[in-house]
Amino acid sequence: MNVVIIDYGLGNLASLSSAVKEAHKCNPIISHAAKDISAADKIILPGVGAFDKAMSNLHNLDLIKIIGSAVNNIPILGICLGMQILCSSSTEGSFTKGLCIVDGEFDRFSSTKFTVPHIGFNQVNISQPSILFNNIQSNPDFYFVHSYRLHSAKNILCHTSNYIDNFVSAFESKFIFGTQFHPELSQSNGLKLLQNFLQYRA
């Protein structure tokens with residue numbers, strides 16, 4: 001299987017690559033080359049950092065149209081910031097448009113009682129039968145670290161978690177998948193989720 005982890009300068013590349021190898025016994029390619037992305041069987045879009053910086057990097061690497069075309073027939077998994085930039089926009093830094101592959105907007109957690117960012121293991125409420133969570137126990141724990149969250153997304157299956165209020169912690173459709181949490185840092189549940197994604201055939 002040809003798995004490409006997109007390197008646009010903001011990712012947990014080493015730990016994610018190791019987790020993919022352990023989950024599916026394959027050697028992922030870490031690349032931002034158009035030829036690698038278009039030839040992939042599965043694409044993973046990681047991300048750690050700021051939304052506006054991520055979009056700037058993608059523009060500078062000429063990856064906007066490449067990713068937009070690839071997701072029409074290649075399954076993609078966005079992780080943390082990678083999930084966020086698959087969506088319409090974020091207010092992080094200043095209002096910034098995302099890849100607009102999923103219709104949803106991110107804004108910052110707001111609370112005087114809870115610490116922001118949201119860091120640590122938290123449960124995911126699996127809303128209905130799921131590709132990502134197949135054969136994973138009910139209310140599984142995954143590792144989160146983020147300050148911005150998605151309240152809802154249109155025309156896509158969403159799973160939720162609660163911190164301050166409910167937010168979308170994962171979404172999925174035929175070719176589009178996203179997790180706000182880090183499966184590569186989520187022990188056995190994370191490895192199983194990566195395995196589910198990598199074994200999925202659209």
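Has segment 28-43 got at least one residue that is among the acidic types (Asp, Glu) and either buried (at least 18 other Cβ atoms within 10 Å of the Cβ) or in contact with a strand residue (DSSP E or B) (Cβ under 9 Å, 6 or more places away or on another chain) (or both)? Spell out the reasoning first.
Of all residues in segment 28-43, those among the acidic types (Asp, Glu) come to 36, 41.
Of the ones still in play, those that are also either buried (at least 18 other Cβ atoms within 10 Å of the Cβ) or in contact with a strand residue (DSSP E or B) (Cβ under 9 Å, 6 or more places away or on another chain) (or both) are 36, 41.
For segment 28-43, residues among the acidic types (Asp, Glu) and either buried (at least 18 other Cβ atoms within 10 Å of the Cβ) or in contact with a strand residue (DSSP E or B) (Cβ under 9 Å, 6 or more places away or on another chain) (or both): present.
Residues checked against (1) at pLDDT below 95; (2) more than 13 Å from the chain's Cα centre (by Cα); (3) hydrophobic (A, V, I, L, M, F, W, C):
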position: Asn135; (1), (2), (3): no, yes, no
position: Cys158; (1), (2), (3): no, no, yes
position: Ile164; (1), (2), (3): no, yes, yes
position: Thr179; (1), (2), (3): no, no, no
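Just one of Gly120, Gly47 is buried (at least 20 other Cβ atoms within 10 Å of the Cβ), in contact with a strand residue (DSSP E or B) (Cβ under 9 Å, 6 or more places away or on another chain), in contact (Cβ under 8 Å) with a residue 12 or more places away in the chain and not charged (D, E, K, R); which is it? Outline the logic, then answer.
Working: Gly120 fails: buried (at least 20 other Cβ atoms within 10 Å of the Cβ).
Residue meeting the stated conditions: Gly47.
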note = Taking segment 187-202 and keeping residues surrounded by fewer than 22 Cβ atoms within 10 Å (Cβ to Cβ) and either among the β-branched types (Val, Ile, Thr) or touching a helix residue (DSSP H, G or I) at 6+ places or on another chain (Cβ under 8 Å) (or both) leaves Asn189, Leu191, Lys192, Gln195, Leu198, Gln199
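What's the total number of residues in segment 72-97 that are surrounded by fewer than 23 Cβ atoms within 10 Å (Cβ to Cβ) and either assigned to a loop (DSSP other than H, G, I, E, B) or not β-branched (Val, Ile, Thr) (or both)? Before you say what the answer is, go through the steps one by one.
Residues of segment 72-97 that are surrounded by fewer than 23 Cβ atoms within 10 Å (Cβ to Cβ), as a first pass: 72-74, 88-89, 91-97.
Next cut, either assigned to a loop (DSSP other than H, G, I, E, B) or not β-branched (Val, Ile, Thr) (or both) only: 72-74, 88-89, 91-95, 97.
Residues in segment 72-97 being surrounded by fewer than 23 Cβ atoms within 10 Å (Cβ to Cβ) and either assigned to a loop (DSSP other than H, G, I, E, B) or not β-branched (Val, Ile, Thr) (or both): 11 in total.
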key: segment 6-27, subset surrounded by 18 or more Cβ atoms within 10 Å (Cβ to Cβ) and of a type in the set (S, T, N, Q), residue nearest to the chain's Cα centre (by Cα)   = Asn12
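Each row is one residue, and each column tells you yes or no for (1) assigned to a helix (DSSP H, G or I); (2) closer than 21 Å to Phe171 by Cα; (3) among the β-branched types (Val, Ile, Thr).
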| position | (1), (2), (3) |
| --- | --- |
| Gly9 | no, no, no |
| Ser17 | yes, no, no |
| Asp36 | yes, no, no |
| Ile44 | no, yes, yes |
| Asp62 | no, no, no |
| Asp107 | no, yes, no |
| Ile119 | no, yes, yes |
ask   = Would you call Ser89 of a type in the set (S, T, N, Q) and at pLDDT below 95?
value = no
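The values are calculated or read from the model by the stated rules, or taken from the named source; none is laboratory data. Keep in mind that what you see is a predicted model, and the values were worked out from it rather than measured. Cβ coordinates were reconstructed from backbone atoms using ideal geometry, including for glycine residues, and neighbour counts include every protein chain displayed.
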